[in-house]
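Reviewing the structure listed below.
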Amino acid sequence: MAIFFNPENALKRAEELIKVGQKQDALQVLHDLITSRSFRSWQKPHEKIMFRYVELCVDLKMGRFAKDGLIQYRNSCQQVNMTSFEEVTNQLLRLATEKAEQALDKETLDVDDLEVTPWFKFLWETYRTVLEILRNNSKLQALYAITAHKALQFCKQYKRPTEFRRLCETMRNNLANLEKYRDQRDRPDLTEPETLQLYLDTRFEQLKVAAELGLWQEAFRSVEDIYGLMCMVNKTLRPSLLVVYYSKLTEIFWTSSSHLNHAYAWLKLFSLQKNFNKNLSQKDLQLVASSVVLAALSVPPFGQAHGNSHSEFETEKERNMRMANLIGFNLEPKFESIDMLSRESLLQELVSSGVLSCATQEVKDLYHQLEHKFQPLDLGSNTKPLLDRISKLGGKLSTAPSLPEVHLSQYVPSLEKLATLRLLQHVSKMYQTMKIQFLAQLVPFFDFSDVEKISVEAVKHNFIAMKVDHAKGFVTFGNLGIESDELRDPLTIFAETMNKVRAMLFPASSKLGDVAPNLEETVEKEHKRLLARQSIIEKRKEEQERQQLEMEHEEEMRKLKLRMQTEVAEQKRLASEVEERRRQRILREIEEREMEEAKALLENTDRRRINREERERNLLKLAKTIDYLERAKREESTPLIEAAYQQRLVEEIESHERDQQCEVELSRERHESDMKEKRRVTRMLSSESFVENMEIFQNRVIRLREAEFERQRREKEEHLQARKQERDVKRKRIYYSKCEEERIRKLQEEEEARKQRGPSQSSTKYIPKFRLSQATQVSGSADDQWGSRRLQHIGRDNAAPLVEGDQCGNGSERPGGDSWRSEEGRYAFRSSGSRSSFSSRTSQR
């Protein structure tokens, strides 16, 4: 890695590499400069270098290099010039966008997958990288918002739902980290109006894009993000933003079939428009009010399903509370109870607040038909014309452009279903049985199969009680298996009317007995029955209260146990956190120490590298100088060498001719002398005395060779005899040494045994210690005496030398035996035999 003390030199080097087509090397040169220590303090030339650097990163699609460079440049510009960093970041985004658009124009394809077009993948990675670098920095929050808007528009333009979800999750995590790390340096302050507005604009843009892409779940999460942001700063949105907020809520709730929340969101929109939009026309106000009323009527008239468990009820309650918080009704005192979010309370609110009076006449008539009038046989025929006229109403609101386009026709299917339910409810109050064919004629909206499906849902939610008998072709209303304690409404009205008639017919009756003779007895029995029933009810209540108290006690014990476990777990967690902090501190100290050592080592390495590079540059300069001198010498000496070569060539030719002439003359002279010698030898071989002289010469040579052979044979035998004598002397000395050691050992054993027996029991002769030592010393000299005497004996006669077995009487103790004698004898015999045969053959010749 080359070190450039002047940043402009690095830029010049990069430009040179780019001109020769080595962009990768140029990028590496600039990357090394940007990540070096000298780049930490901002200078004006650094901005030009960064522009060139991001251009190379885009050309080579090197996102990792771009990220490293931007992080280093952000750190250097943090306290000096953040505007320069913003310009570099915008340049990177602009270049990446241009490349992606050019690629799309060339390929003319739909971006179904970012893997298809590498430039679009690079652009998406660039957006993610920039957002990660700019996150949670108060000085870069405006650039962060702009980049987020561009990324959202990218997902919207190219229909990228997967990337949109990842982008929303990234921004959601950034906001969570902003709230989590409150002591972070340069942290954005959400209480400032400018900062809050930037975050809200980003979240609303996210909400709009999610709605346009049809990602309703992500849109709902965006709404929760907006609500969480407002709760975080404890402020209220501006009316213009609230209109967008509730407009998107209406779309989300309608798509998710949450009609009740959809109606409440429309009610909020109506209130905002009526109170803050001074330019709202009467026609647009009627359309908005009609939407609110129809949305409220579209809510099913039955609530939670009958028979749900307590856990399901709590889950539904928590969900409704969450929806109420998002809609904003929990902020008003009169809506603090969760029970207020119901269809009945919503309709009462519409009437009391005057929303119904602002709606169109068709909507008002429909409301009265479905909610107040009792017409079991004519409800379907009276409702259908109203629904047909309502379906044609709607359009764009000219004086409220921020609101979505109103289409009242979207509520018609829900209203037809509501009309069918009301018709079944009214019929069930008047009839006990009815033919299926006649009931199907009463419902002009659906076939009877659809009516049957609607009735199943109504029965499931305990809205009506009916049974369809297809075999007989009848529909039976009411629960016939169990006698009901309450009369149906029409019979109650009939009874009240008959009581009024009785009072009019018998106004002077003072005694009940005159009218009903057995009435007192019946009343007495009924009173006793009611008292008995009340007693049973009281006992049941007491039993339920007792069970409730036991359950509450068990719940308190469970909570106490859970609280104790929580405290123990909290103590363990605190202890583990203390230990973890201590361990982290130790690790941090170790890392700092290792970092210091690494820095020192790196500085030494850099210093040695600089020195080495300096020496290399000097050597390179010296080599260039030597090379120049050598080329100059060769250029000057080339004509001289050529002239010397030509002169030497002429001299060599003349010398070769002279040598060739001399060789011819010498060959001629040698040939003449050889011919003379041939003639002389021919004369000599032709004489008779030549054969005799030749035989004499051969005999003389043979005699000389035989004499030489005999001399060498005698010397060999004498040498072998001397070696035999030396081996015999050495063997005798070894044997004598062993015998002497054995004798001394036996003497020592006897001395030890004598000492153990005592002086009285000793039977052997006492041998002093100095005798034993003398015997040990004599063993070495005895070998020499033995050997000398034996040599004398061998010299007197040629008898076979004595061996160890001959002296000790045990021939098996000899270490070598007589095997060496037979081998040497055989070797000598073979040698003498071969030589004698050779001499005899020579003599015969």
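All of the numbers you see were taken from the coordinates with simple rules; none came from a lab. Keep in mind the model is a prediction, meaning the values are calculated, not measured. Here the Cβ is made from the backbone with ideal geometry for all residues, glycine too, and neighbour counts use every protein chain on show.
Would you work out if the range 238-481 is rounded, prolate or oblate? Take a ≥ b ≥ c from the square roots of the eigenvalues of the alpha-carbon gyration tensor; rounded if a/c is under 1.5, else prolate when a/b is larger than b/c, oblate otherwise.
It is oblate, given that a/c is not under 1.5 and a/b is not larger than b/c.
Compare the Cα positions of A471, L370, M323 along the charge dipole of the range 238-481 (+1 at Cβ of Lys, Arg; -1 at Cβ of Asp, Glu; about the Cα centre) and return the one farthest towards the positive end.
Looking along the dipole axis, the top candidate is L370.
Going through the range 175-236, which trypsin sites (Lys or Arg not before Pro) have at most 10 other Cβ atoms within 10 Å and a DSSP loop state?
Here the trypsin sites (Lys or Arg not before Pro) that fit, given the DSSP loop and packing criteria, are R182, R185.
If neighbour count is taken as other Cβ atoms inside 10 Å, put V244, V443, V691, V293 in order from fewest to most.
Result, fewest neighbours first: V691, V244, V443, V293.
Calculate the spin-label point distance for N611 paired with S38, positioning each point 7 Å from the Cα along the beta-carbon direction, and give it in nanometres.
With each label placed 7 Å out from Cα toward Cβ, I get 2.0 nm.
Karplus couplings for the range 246-251 from phi (6.51 cos²θ - 1.76 cosθ + 1.60, θ = phi - 60°), rounded to Hz, Gly and Pro as x?
These are the phi-based 3J(HN,Hα) values: 6, 5, 5, 5, 4, 5 Hz.
My understanding is that a pair violates if its Cα-Cα distance is over 19 Å; which of K150/K208; K283/K392; K99/K150; K23/K150; K364/K384 do that in this structure?
As for pairs spanning more than 19 Å Cα to Cα, those are K23/K150.
Mind checking the full-extension length gain between L587 and Q571? Use 0.36 nm per residue of separation minus the Cα-Cα distance, one decimal, nm. Could you put the intermediate results ahead of the total?
Working: separation 16, 0.36 × 16 = 5.76 nm, distance 2.38 nm.
Once the chain is fully extended between L587 and Q571, it gains 3.4 nm.
Would you mind getting me the FRET efficiency between R546 and E318? Use the beta-carbon distance for r and R0 = 45 Å, nearest 0.05. Intermediate values should be presented prior to the final figure.
On the way: r = 29 Å, r/R0 = 0.65.
After rounding to 0.05, the efficiency reads 0.95.
What distance in nm separates the two pseudo spin-label positions at F51 and V650, each 7 Å out from Cα along the beta-carbon direction?
Placing both labels 7 Å along Cα→Cβ, they lie 7.4 nm apart.
Sort the following peptides by mean Cβ neighbour count (other Cβ atoms within 10 Å, averaged over residues), highest first: 53-63, 15-25, 262-272.
262-272, 53-63, 15-25
Could you list which residues have their amide H under 5 Å from that of M466, counting only those 5 or more apart in sequence or on another chain, with H placed in the peptide plane?
G478
Quick one: net charge of S247's neighbours, Cβ under 11 Å, K/R +1, D/E -1? Kindly include the intermediate steps, with their values, before the conclusion.
Working: positive: K208, K248, K268; negative: E251, E405.
Every neighbour counted, the sum reads +1.
Just to be sure I understand the model, the point goes 7 Å from the Cα along the line to the Cβ. What's the resulting T83 to N462 distance in nm?
So the label points at T83 and N462 sit 7.2 nm apart.
Local charge sum around L140 (other residues, Cβ-Cβ under 9 Å, Lys/Arg +1, Asp/Glu -1)?
That works out to +1.
When a footprinting reagent is the concern and you count Cβ atoms within 10 Å, what order do F276, F477 take, fewest first?
Fewest-to-most ranking of F276, F477: F276, F477.
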